[in-house]
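The structure appears below as structure tokens.
We did not get these values from a lab; they are worked out from the coordinates using the rules stated. As the structure is a computational prediction, the values presented were derived from the model and not from experiment. Note: ideal-geometry Cβ built from the backbone for every residue, glycine included; neighbour counts use all protein chains shown.
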């Protein structure tokens, strides 16, 4: 019995591609359950994945579909964890509810460091665990360390090749091997979703406008990364950049939970710039529009959908506001940091006049991600320190063409100082450095 947990249609599509590629064995070898989770702040008012266009084509790969929210109601899936003394009871309840029988269960989950994945791993305490990642966060360090009893059961990390050649840091501290979901398999699933949405009114309406640029909203205000006013301005800047690049018909895809007024501000800006603006509504994936619209540009801040556009559809991308968001992101351990660094490093800046293009990962990207990952979680990734020291020392000794250190924007001076890394201020008592050195010594003695 295999239980696949998914909170987004994009994630479910990733799982479907892995199944099609045979990464979970031949079809029919094990019964497969797709477990839907709705992690929205108020799940009752959020559109359920099962009602999204194309869901049935993805769900066809599974033998049954179940709902985690219903199973644990009235608890919220993002915050609920079973008490240790109740896990056996919960396992019996869920095995009965989902007709799992008494045989072994394999879990396939996302974000193992938090619930609902952690709750599932606690309930099915003996189950092997496979983790899959459907976005750029897989390239960064593990945010919250899962319990050792869970970590030792993780078999592998499945991920999309969104940044070709870049290796994920996620769960690498536990020796978990990363495994790519084949590009062709994922493209085939996206093609299925696009065919299912061909006659969708939103697709038809957007196609009639023949847009050449698409703007991606992320609703960063919901994560307290930006204020609502700052995010509204970010979208307006995207439109201005697209207009300055010569695009006269533009579509805006807001985050499904974004306020309506975001579209109103863009309408005013579009009228002033002489641009035809089409605001997309509903819950269709951005990838559906990539397949049906004559797009020459996708603009975003640091959305995973930017890299999907380039990696799977060959659409040039450009970024807006990435560096500013990176500067004000707190705390330094914020798991959005690595996605921001990646996009800032490989995607051209639209407002700086850079031409949109397909992103290319330079040789410096892997050591840069490692250095940032070390800065975010130094105790967890002590072996990355040497690379961080080398990268930062080279940066300090070889500034860019404008006389600025090339990687300075990716590191907080305070964090460099705490870790006694090049670029930090001199300290008389680098206490954290002593603690980290002691931790590395203890790690080495155990290995």
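For region 161-255, relative contact order (Cα pairs under 8 Å, six or more residues apart, normalised by length) works out to 30 percent.
Highest mean packing first, where packing is the average number of other Cβ atoms within 10 Å per residue, the peptides 55-63, 290-298 line up as 290-298, 55-63. Apply 1/(1 + (r/R0)^6) to the Cβ-Cβ distance of residue 64 and residue 205, taking R0 = 25 Å, and write down the FRET efficiency to the nearest 0.05. Result of the calculation: an efficiency of 0.10. Taking 0.36 nm per residue of separation and subtracting the current Cα-Cα distance, fully stretching the chain between residue 92 and residue 276 would add 60.6 nm. For the peptides 98-105, 262-269, the ranking by packing is 262-269, 98-105, with the highest mean count of neighbouring Cβ atoms within 10 Å listed first. If R0 is taken as 30 Å, the Cβ-Cβ distance between residue 383 and residue 222 corresponds to a FRET efficiency of 0.30. Volume per residue of the convex hull around the Cα atoms, evaluated for region 44-197, comes out as 136 Å³. Remark: spin-label model distance residue 357-residue 80 equals 5.1 nm, labels positioned 7 Å along the Cα→Cβ axis.
Helix-only arithmetic for the chain: the sum of -39500 (n - 2.57) across DSSP H runs with n ≥ 4, divided by the residue total, places the mean residue ellipticity at 222 nm at -11500 deg cm²/dmol.
One compactness figure for region 270-427 is 1.20, namely its Cα radius of gyration divided by 2.2 N^0.38 Å. For the pair residue 255 and residue 155, the difference between a 0.36 nm per residue extended length and the Cα-Cα distance amounts to 32.7 nm.
Three semi-axes describe the equivalent ellipsoid of region 35-124; taken as square roots of 5 times the Cα gyration tensor eigenvalues and ordered largest first, they are 22, 18, 12 Å.
From Cα pairs below 8 angstrom and at least 6 apart in sequence, can you work out the relative contact order of the chain, rounded to a whole percent? It rounds to 12 percent for the chain. Per the Debye calculation on region 198-320 with a single equal scatterer at every Cα and no solvent contribution, log₁₀ I(q)/I(0) for q = 0.14, 0.17, 0.18 Å⁻¹ amounts to -0.52, -0.79, -0.89. In the set (i) 65, 63, 37; (ii) 158, 67, 36; (iii) 70, 45, 36, the label that goes with Cα extents along the principal axes in Å computed for this structure is (i). Across region 198-320, C-alpha contacts under 8 Å between residues 6 or more apart give a mean separation that, scaled by the residue count, equals a relative contact order of 32 percent.
Among 168-174, 244-250, the peptide with the highest mean count of other Cβ atoms within 10 Å heads the list, and the full ranking is 168-174, 244-250. Note on the chain: GNM, Cα springs under 10 Å; of 97, 32, 319, the largest mean-square fluctuation is that of 97.
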